[in-house]
């Protein structure tokens with residue numbers, strides 16, 4: 001995610017910018033490592049603090065660590081804003097919003113009495129590691145998956161519509177066959193049983209009591225095994241298609257008509273014909289130069 005951020009001025013602000021927003025110097029790498037450690041420590045404190053036995057035993061320690069890290073992250077954000085030429089551009093970006101979310105819940109606890117429940121939002125601090133590790137470079141792969149999901153959306157919706165009809169039919173059938181004492185008190189409750197059975201989860205809270213009901217349950221489970229892989233196959237096919245379109249060009253070779261070339265290919269894989277019709281084949285230039293030299 002390139003925001004075209006620039007330092008505010010030469011001198012201290014530029015030096016801070018290179019340390020905080022870049023990673024090609026020893027100082028910048030040390031800063032990134034220290035920030036990763038602080039983020040992981042903060043997340044660990046939040047997770048351990050949610051366990052009652054640890055909260056009772058180490059609650060005050062967690063409290064002081066959390067506030068120390070919050071103050072540290074607040075100072076870091078202030079330094080980020082200080083060293084930028086256009087700080088509002090950064091604050092409106094994805095990374096800027098994550099940085100604000102990382103510190104605001106803790107400060108709101110002091111200002112707003114009922115804001116204690118927002119403290120769990122601090123777990124979003126782990127998203128800051130995406131920037132440090134430069135994982136957003138893989139946004140192309142993410143867009144590839146989103147494109148495949150959009151293409152397969154209609155097939156998946158059609159599949160789930162069919163599943164919903166099957167679940168409704170089986171639920172109505174079991175509601176008619178089984179008694180309320182077995183757990184089939186209504187058709188919606190029977191639909192819950194049908195979904196649990198079809199997905200082969202089998203919680204066991206609703207179990208058919210009659211032989212016919214058990215037989216229908218077996219049929220539903222076998223049906224679930226046979227269709228559970230359908231959306232996965234549809235999505236996988238669209239992913240493969242998106243990969244091919246992203247990698248291969250649809251333009252046919254002017255020499256042999258082959259249309260499965262890598263987008264970066266200069267010559268046809270089959271016949272060796274120059275593929276870029278808007279420019280001249282460099283081999284012809286070399287042949288012309290050799291002919292003129294002779």
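The values are calculated or read from the model by the stated rules, or taken from the named source; none is laboratory data. Because the structure is a prediction, the values reported are computed rather than measured. Cβ placement follows ideal geometry from the backbone for every residue including glycine, while neighbour counts extend to all protein chains displayed.
In the list 272, 204, 257, which residue meets the criterion of being modelled with pLDDT under 65 and at positive phi?
Result of the check over 272, 204, 257: 257.
The single condition among (1) closer than 18 Å to residue 166 by Cβ; (2) part of a helix (DSSP H, G or I); (3) modelled with pLDDT of 75 or more that residue 236 does not meet is (1).
Condition (residue is surrounded by fewer than 17 Cβ atoms within 10 Å (Cβ to Cβ), on the phi < 0 side of the Ramachandran plot, at pLDDT below 85 and in contact with a helix residue (DSSP H, G or I) (Cβ under 9 Å, 6 or more places away or on another chain)) applied to the range 54-63: is it met by at least one residue?
No: the range 54-63 contains no residue that is surrounded by fewer than 17 Cβ atoms within 10 Å (Cβ to Cβ), on the phi < 0 side of the Ramachandran plot, at pLDDT below 85 and in contact with a helix residue (DSSP H, G or I) (Cβ under 9 Å, 6 or more places away or on another chain).
Going through (1) in a helix (DSSP H, G or I); (2) surrounded by 17 or more Cβ atoms within 10 Å (Cβ to Cβ); (3) at pLDDT 90 or above one by one, residue 224 falls short only on (3). Just checking, does the range 165-175 include any residue being under 32 Å from the mean Cα position of the chain (by Cα) and surrounded by fewer than 12 Cβ atoms within 10 Å (Cβ to Cβ)? Yes - at least one qualifying residue is present in the range 165-175. For residue 16, the test of being touching a residue at least 24 places away in the same chain (Cβ under 8 Å) and outside any helix (DSSP H, G or I) is failed. Restricting attention to the range 4-11, does a residue exist that is in a helix (DSSP H, G or I) and without any contact (Cβ under 8 Å) to a residue 24 or more places away in the chain? For the range 4-11, residues in a helix (DSSP H, G or I) and without any contact (Cβ under 8 Å) to a residue 24 or more places away in the chain: absent.
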